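Only one structure is covered here, and it is reproduced in the block below.
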Amino acid sequence: MGLGFAVKVLGKEGLKSNDSRRWQSDPRLSVSIGYLHRIFDYLQESGITMYRISSEIAPYITHPDFPQFHRQLDECEEELACLGLRARELGLRLSMHPSQYIVLNSPDERIYASAVRDFVYHARFLDLMGLGPEAVIVTHGGGVYGDKTAAIQRFVERYKRLPENVRARLVLENDEKNYTVPDIVQAHEQCGVPLVLDNLHHRLNNPNGLGYREVAQECLRTWQTDVTPKVHFSSARTEARTVNRRNRKTGEVTQVQAAPLPSQHSDWVDADEFVEFLEATAGIRDYDVMLEQKQKDLALLKLRADLAQRGITTR
DNA sequence: CGATGTCAAGGAATC
DNA sequence: GATTCCTTGACATCG
């Protein structure tokens, strides 16, 4: 089982995950690629084999108002091939996760069109790196718009019409508000999209009270036999945090103990909870785990150590 | 330098 | 139909 983390590196100073300057400063994908090389160095040093690349890696590349950014992939073909070669040498499993604004099933044709543009850019980015089918693009079901069946149907029809290289990488994850595991299973049955199980989202959005084993069985079987399935795992924050709250009228700032929202990610993985998940899903099929904790790579390394103490080894 | 405001983008709830 | 929240981190701006 491989363990991965998302985007931001905390274990080493000065590692940026993308060129995040504003458009006025002419940010560039080539700068981001340089950052990724440094991150790959760190992954190699720390023995981490899975990583989610920032979706902001190519700044403004699909922004309708800034055509000067739209050709960045063409400009960086060689650099991307070189970066991808390195990723393969290091045995990295890479992935991407477009932002919440990318909604394939929106009834608004313009939003649909921009979602396709964004997926096309993500897929081409991974293609230019020469990565295999394990390098997936994760998305959510989108909005419900008052009729979930119709909304799922729209996702399915549009998925079928995506370019082949996008369909080869796009995978669907259950979310904490709209699309449950049974909902995304319905989408899979109609278009074949592989499914990513997110344990925390499942805990928050599980009206039928399904157990980890049954939802894992449903999701893991949706992946081709030659690609290792991926799940998302995170422990929820349970402790209250001290937050500064500003009074709207007076501007006065007071410190308040904020109860955790059930959907907030905790700093660290609860190893007991993780083992519980492992045991619940044992024997179904091998899978990789993308961790989504606040402490990012540090949480991964701590979990790896905690698991090793229990005799469980991870990549 | 620290504090605060802003950011390209959607959806849903609220009025 | 318009406004606000959701949630997030880093950049930009202001004092």
Out of the residues in region A:64-73 that are of a type outside the set (S, T, N, Q) and modelled with pLDDT under 90, state the one that is farthest from DNA strand B (Cβ to nearest atom). A:67
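Using the structure shown, decide if residue A:17 is near DNA strand C (Cβ under 9 Å from one of its atoms) and farther than 20 Å from residue A:315 by Cβ.
On the way: near DNA strand C (Cβ under 9 Å from one of its atoms): yes; farther than 20 Å from residue A:315 by Cβ: yes.
For residue A:17, the condition - near DNA strand C (Cβ under 9 Å from one of its atoms) and farther than 20 Å from residue A:315 by Cβ - is met.
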Considering only region A:104-120, how many residues are under 17 Å from the mean Cα position of the chain (by Cα) and crowded, with 21+ Cβ neighbours inside 10 Å? 4
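Which one is farthest from residue A:135 (Cα to Cα) among residues in region A:187-237 that are polar (S, T, N, Q) and crowded, with 18+ Cβ neighbours inside 10 Å? Steps first, please.
First, pick out the residues of region A:187-237 that are polar (S, T, N, Q): A:190, A:199, A:205-206, A:208, A:217, A:222, A:224-225, A:228, A:234-235.
With crowded, with 18+ Cβ neighbours inside 10 Å added as a condition, the list becomes A:199, A:205, A:222, A:234-235.
Values: A:199: 21, A:205: 27, A:222: 16, A:234: 21, A:235: 24 Å.
Going through the qualifying residues, I end up with A:205.
Here are A:83, A:90: which of them is modelled with pLDDT of 95 or more, open to solvent by less than 40 Å² (accessible area, probe 1.4 Å) and not polar (S, T, N, Q)?
Working: A:90 fails: open to solvent by less than 40 Å² (accessible area, probe 1.4 Å).
Being modelled with pLDDT of 95 or more, open to solvent by less than 40 Å² (accessible area, probe 1.4 Å) and not polar (S, T, N, Q) holds for just one of A:83, A:90, which is A:83.
For region A:16-33: of the residues being open to solvent by 30 Å² or more (accessible area, probe 1.4 Å) and away from DNA strand B (no atom under 15 Å from the Cβ), which is farthest from the chain's Cα centre (by Cα)?
Ranking the candidates gives A:30 first.
Does residue A:11 count as within 16 Å of DNA strand C (Cβ to nearest atom) and in a helix (DSSP H, G or I)?
On the way: within 16 Å of DNA strand C (Cβ to nearest atom): yes; in a helix (DSSP H, G or I): no.
Here the answer is no, as residue A:11 does not meet what is asked.
Scan the helices (runs of 4 or more DSSP H) fully inside region A:203-315 and keep the ones with 2 or more residues being at pLDDT 80 or above and small (Gly, Ala, Ser). Walk me through how you get there before you give the answer.
Details: elements: A:212-220, A:271-280, A:296-309.
The qualifying helices (runs of 4 or more DSSP H) are A:271-280, A:296-309.
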Across region A:34-53, the tally of residues that are open to solvent by less than 10 Å² (accessible area, probe 1.4 Å) and within 13 Å of DNA strand C (Cβ to nearest atom) stands at 1
State all residues of region A:132-160 that are of a type in the set (Gly, Ala, Ser) and either under 17 Å from residue A:96 (Cα atoms) or surrounded by 20 or more Cβ atoms within 10 Å (Cβ to Cβ) (or both); if no residue qualifies, say none. A:132, A:135, A:141, A:142, A:151
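The values are calculated or read from the model by the stated rules, or taken from the named source; none is laboratory data. The model shown is predicted, which means the values in this text are computed figures rather than measured ones. Cβ sites come from the backbone with ideal geometry, for glycine too, and all protein chains shown count toward neighbours. The area values use the complete protein model at the heavy-atom level, side chains included, leaving out ligands, DNA and RNA. Shrake-Rupley method; radii C 1.70, N 1.55, O 1.52, S 1.80 Å.
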